[in-house]
1. Can you name the residue in segment 95-135 that is of a type in the set (Lys, Arg) and more than 21 Å from residue 20 (Cα to Cα) and, of all such residues, is most open to solvent (accessible area, probe 1.4 Å)?
2. Name the single residue, out of those in segment 29-56 being closer than 20 Å to residue 112 by Cα and in contact with a helix residue (DSSP H, G or I) (Cβ under 6 Å, 6 or more places away or on another chain), that is surrounded by the fewest Cβ atoms within 10 Å (Cβ to Cβ).
3. Checking residue 59 against (1) open to solvent by less than 10 Å² (accessible area, probe 1.4 Å); (2) over 20 Å from residue 100 (Cβ atoms), only one condition comes out false. Which one?
4. Kindly indicate whether any position in segment 10-23 is modelled with pLDDT under 95 and not in a helix (DSSP H, G or I).
5. Pairs, please: C-beta under 8 Å, at least 6 apart or cross-chain, first residue within 15 Å of residue 74 (Cα to Cα) and without any contact (Cβ under 8 Å) to a residue 40 or more places away in the chain and in segment 35-56, second open to solvent by 30 Å² or more (accessible area, probe 1.4 Å) and β-branched (Val, Ile, Thr)?
Amino acid sequence: MILLVEDNDVDADLASRAFQRAEIKNPMMRVRDGLDALDYLFARGKYAARDPYDMPAFVLLDLNIPKISGVEVLKAIRADQRTMHLPVIILSSSGEERDRMGAYKHFANSYIIKPLDYDQFVAAARQLSLYWTELNAPAPLMSSDSYGST
């Protein structure tokens, strides 16, 4: 599963269609703001019944989202032992150096400027999914048993 954190319906629909057209097998879960993203990842609030150890393959995170900014979401992900190794790809319309630096300063795995062209978006979706779900060897999954060991 891929977690998409995107408040803009048009951009979320574009991402969803691009991943479908690229024939990505992983389903996409979308949340609209930073608070929902953290609630989902940490199985809180309306996601409390979710298995907290069933993590997405990766997170596509927009920087400019309501309630909690993308950078703050990234900081929270990196600060928690359960999610610190979760791949987080920033997907932003901003190409500003300060935004890119802020993302990498807080250990984003990648920073992608949203392609304006649909076909480019499909190609980017295909490459992202191929790399993060098939080529990349992820960190071992954390379980409740893993927290006490070093």
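The values are calculated or read from the model by the stated rules, or taken from the named source; none is laboratory data. This structure is a prediction, so every number in the text was calculated from the model and none was measured. Glycine gets a Cβ as well: all are built from the backbone with ideal geometry, and neighbour counts include every protein chain shown. Accessible surface is based on the protein model in full, side chains and every heavy atom, while ligands, DNA and RNA are left aside. Shrake-Rupley method; radii C 1.70, N 1.55, O 1.52, S 1.80 Å.
1. Residue satisfying both the conditions and the ranking: 98.
2. 30
3. Checking residue 59 against (1) open to solvent by less than 10 Å² (accessible area, probe 1.4 Å); (2) over 20 Å from residue 100 (Cβ atoms), the one that fails is (2).
4. Yes, segment 10-23 contains a residue that is modelled with pLDDT under 95 and not in a helix (DSSP H, G or I).
5. Pairs that qualify, where the first residue is within 15 Å of residue 74 (Cα to Cα) and without any contact (Cβ under 8 Å) to a residue 40 or more places away in the chain and the partner is open to solvent by 30 Å² or more (accessible area, probe 1.4 Å) and β-branched (Val, Ile, Thr), are 35/68; 37/68; 38/68.
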